[in-house]
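Q: Here's a structure for you.
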Amino acid sequence: KLRASYGMLGNTTSGYYDWQAVYGKVNYAFNNAVYNGMAVSKIANPLLQWESVTSKGIGLDASFLNSRLSMELDVYDKTTEGILTSPSIYLTMGTASAPTKNTSDMRNRGVEITLGWSDKVGDVRYSLSGNFAYNKNKVVKYLGKLEQGWEESDGTRAYTSNIGEVSSTGGETGTLRVEDHLFDEYYLRTHYHGTGTYSLDGTVDPNGGPIDGMIRTEADLQWVRDMFTAGYTFNGKTVNQNNGLWYGEYLMADLNGDKNYGNNYDRQFTGKSSAPKYNFGFTASAQWKGFDFSMTWAGSAGFWYYLHERGANRNYLTTQTDVLPGDVRNKFYYLAYDKTAGSPIWDDPSNNLAAEYARLRFGSAGAYEVNDQFLYDASYLKLKTLQVGYTLPKAWMDKAYINNLRVFLSGENLLTFTNYPGVDPELGSGLDVYPIA
């Protein structure tokens, strides 16, 4: 059977009264006294309209081999126009919040397929079913096209970008919403990767330095000093033990070539978002002489989470003492170079050269600018349900005047396969979620 569909829907996702202005209580000064008053806290937008969704699709239903094998195939194209958001406004507009506006259009295209098999072998009846879905989204209209690159005027070259005017922060840490990109695509810095070469004559190779970007040795730190001498900068940072570039700090890459390593122009779109590209599932069931068995697997792939707690709140993962727990000691760079040789807390710096994460610093974000070190593949596969049961024979139940009795053992969310280090990729990126029982 061949199917086709076309439809249009209206949607009000944000609320019934977002077109109206909102007033709030404020204090103001007059005649040497403070008075209570009212002021606009959110700007009105009388031109606000519903979001509109246009969906087109074709499908195919088929069965083969005396209906033992079945198939459902759907291909769809869905465009959402006039998505409601509250984009940033200029400070000259005052302190009121931005109005809700119809700012963007998004397109989703994909395919869904389900295959099923049902048969009987002797006294055993069984059925198998699997489904797979692929979806790709794209922001087709927003605040304008992104234009960035080098320009030359009067013999002076400068790197310019309008990204602040045509984008807004997305729903996840490190994401931006920009035309012609994924919805809330991750926009991140990346670690510098040097060649591991160093000069001893005072010159410097801008491609040399630490191989993975972390300042681990005296040669690494000297390379940074030589880079400053040669006119390179590192996003406003200086060589400083307390809050600057020091042992245990990561350097960010200079992707646009402006000799300033790790500034905002060095952030790049990753082609990744927190929306899964692939969703899949599998179910199986069987019955034999009163016994029954069923299980359901489900998973998603092709999506990533930025684990904000690892990137921004790392200082809270250990106590502020010189006695570091073993796991922290093995993972984080600690300031071995700053200890006094022979003291009880001193350690040979070579014991810490393989640290994965930058040094811990109290009261400072340090090297934890939003970067791709904390972006993790959140793909997962779960055994959602597993059930084994037995239905007692009807002859037994009739003697007990019972119509039907089935006993079973059931479990939910018994297995999870994932490389994501957070709590549960099905629940989101944060650590403050309640696990699925």
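The values are calculated or read from the model by the stated rules, or taken from the named source; none is laboratory data. If you're wondering where the values come from, they're calculated on a predicted model, not measured in any experiment. Cβ sites come from the backbone with ideal geometry, for glycine too, and all protein chains shown count toward neighbours.
Q: Taking only the range 125-160 into account, find how many residues are under 24 Å from the mean Cα position of the chain (by Cα) and in a strand (DSSP E or B).
A: Number satisfying all stated conditions: 10.
Q: Among strands (runs of 3 or more DSSP E) lying entirely in the range 1-118, which contain 3 or more residues that are touching a Leu at 6+ places or on another chain (Cβ under 7 Å) and not small (Gly, Ala, Ser)?
A: Result: 51-64.
Q: Quick check on my filter: what residues within the range 372-412 are within 30 Å of LYS277 (Cα to Cα) and acidic (Asp, Glu)?
A: Result: ASP372, ASP377, GLU412.
Q: Got a sec? Which of GLY15, GLY37, GLY24, GLY116 is at positive phi, outside the structural domain of GLU179 (by the TED database) and either surrounded by 11 or more Cβ atoms within 10 Å (Cβ to Cβ) or of a type in the set (Gly, Ala, Ser) (or both)?
A: Among GLY15, GLY37, GLY24, GLY116, only GLY15 is at positive phi, outside the structural domain of GLU179 (by the TED database) and either surrounded by 11 or more Cβ atoms within 10 Å (Cβ to Cβ) or of a type in the set (Gly, Ala, Ser) (or both).
Q: Inspect the range 294-313 for any residue being assigned to a loop (DSSP other than H, G, I, E, B), crowded, with 17+ Cβ neighbours inside 10 Å and modelled with pLDDT of 95 or more and give the result as yes or no.
A: Taking every residue of the range 294-313 in turn, at least one turns out to be assigned to a loop (DSSP other than H, G, I, E, B), crowded, with 17+ Cβ neighbours inside 10 Å and modelled with pLDDT of 95 or more.
Q: Something else: Of all residues in the range 195-232 being hydroxyl-bearing (Ser, Thr, Tyr) and more than 23 Å from ASP258 (Cβ to Cβ), which is modelled with the highest pLDDT?
A: It comes out as TYR198.
The rows are residues; the columns are (1) modelled with pLDDT under 90; (2) in contact with a Pro (Cβ under 6 Å, 6 or more places away or on another chain); (3) closer than 30 Å to TRP246 by Cα.
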| site | (1), (2), (3) |
| --- | --- |
| ALA367 | yes, no, yes |
| LEU383 | no, no, no |
| LEU386 | no, no, no |
| ASP398 | yes, no, no |
| ASN413 | no, no, no |
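Q: Quick one: how many residues across the range 73-98 are over 27 Å from the mean Cα position of the chain (by Cα) and surrounded by 17 or more Cβ atoms within 10 Å (Cβ to Cβ)?
A: Adding up the residues that qualify gives 2.
Q: Here's another thing I want to ask about it. Of the conditions (1) assigned by the TED database to the domain that holds ALA275; (2) surrounded by fewer than 22 Cβ atoms within 10 Å (Cβ to Cβ); (3) touching a residue at least 24 places away in the same chain (Cβ under 8 Å), THR169 fails just one. Which one is it?
A: Condition (3) is where THR169 drops out.
Q: Another one. So, in the range 387-401, of the ones that are loosely packed, with under 10 Cβ neighbours inside 10 Å and not hydrophobic (A, V, I, L, M, F, W, C), which residue ends up nearest to LYS289 (Cα to Cα)?
A: LYS399
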